[in-house]
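What follows is a single structure, written as structure tokens, with notes after it.
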Amino acid sequence: MEKSGEKWGKQWITFQEAKMFIGEYHHNIDEKGRLALPTKFRKELAQGVVVTRGLDHCLFVYTQAMWEKMAGRIGNLPMNQKNNRAFARLMLAGAMDSKIDGQGRVVLPDYLRTFGGLTKNVVVAGVQDRLEIWDEAEWSRYTKDAEQHSEEIAEAIELFQNEA
């Protein structure tokens, strides 16, 4: 079986190694900073998660196994490059590991909620190898913009190009 990315010279993971997270789920953060994760994913997340600062001011949630792969890739970046150091600090220093409680909730510390601009209403989005936690209003703005520019985005990444 061809590994994901192998055709383009990068080998990340095989499709059997990771469960794919997809979908959009609206949830609330309670007064103690707890967020119930979507029921659909709780079995996959039962061994614990790592929550960290993401891109575009959302939070990334990884399974322990996927976090180890991500942290390994970050650790292999040349640290003599300023952008690599900045990205490593963003992702690694901001990360916290957590267990899911009996009700499928994870505690989001203040510094992560502040980074993501999260108050009460959030969207948990499944994005292949991770979940993203977004402020509901910010998610709405982001998706409306992406929908309005979907053709340009698809062209720029050449996702739908025919293979010769």
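The values are calculated or read from the model by the stated rules, or taken from the named source; none is laboratory data. Computed from a prediction, not measured in an experiment: that's the story for all the values here. Note: ideal-geometry Cβ built from the backbone for every residue, glycine included; neighbour counts use all protein chains shown.
Quick check: is even one residue across segment 62-78 surrounded by 17 or more Cβ atoms within 10 Å (Cβ to Cβ) and assigned to a strand (DSSP E or B)?
The answer is yes; a qualifying residue exists.
Looking at GLN128 and the list (1) touching a residue at least 24 places away in the same chain (Cβ under 8 Å); (2) closer than 16 Å to ALA46 by Cβ; (3) not hydroxyl-bearing (Ser, Thr, Tyr), which single condition is not satisfied?
(2)
Which one of GLN64, GLN103 is touching a strand residue (DSSP E or B) at 6+ places or on another chain (Cβ under 7 Å), within 26 Å of ALA137 (Cα to Cα) and not acidic (Asp, Glu)?
Only one candidate passes the filter, namely GLN103.
Please identify the pairs in which a residue from segment 88-101 that is closer than 12 Å to MET70 by Cα and part of a loop (DSSP other than H, G, I, E, B) has its Cβ atom under 7 Å from the Cβ atom of a residue that is modelled with pLDDT of 90 or more and among the charged types (D, E, K, R), counting only partners at least 6 apart or on another chain.
none
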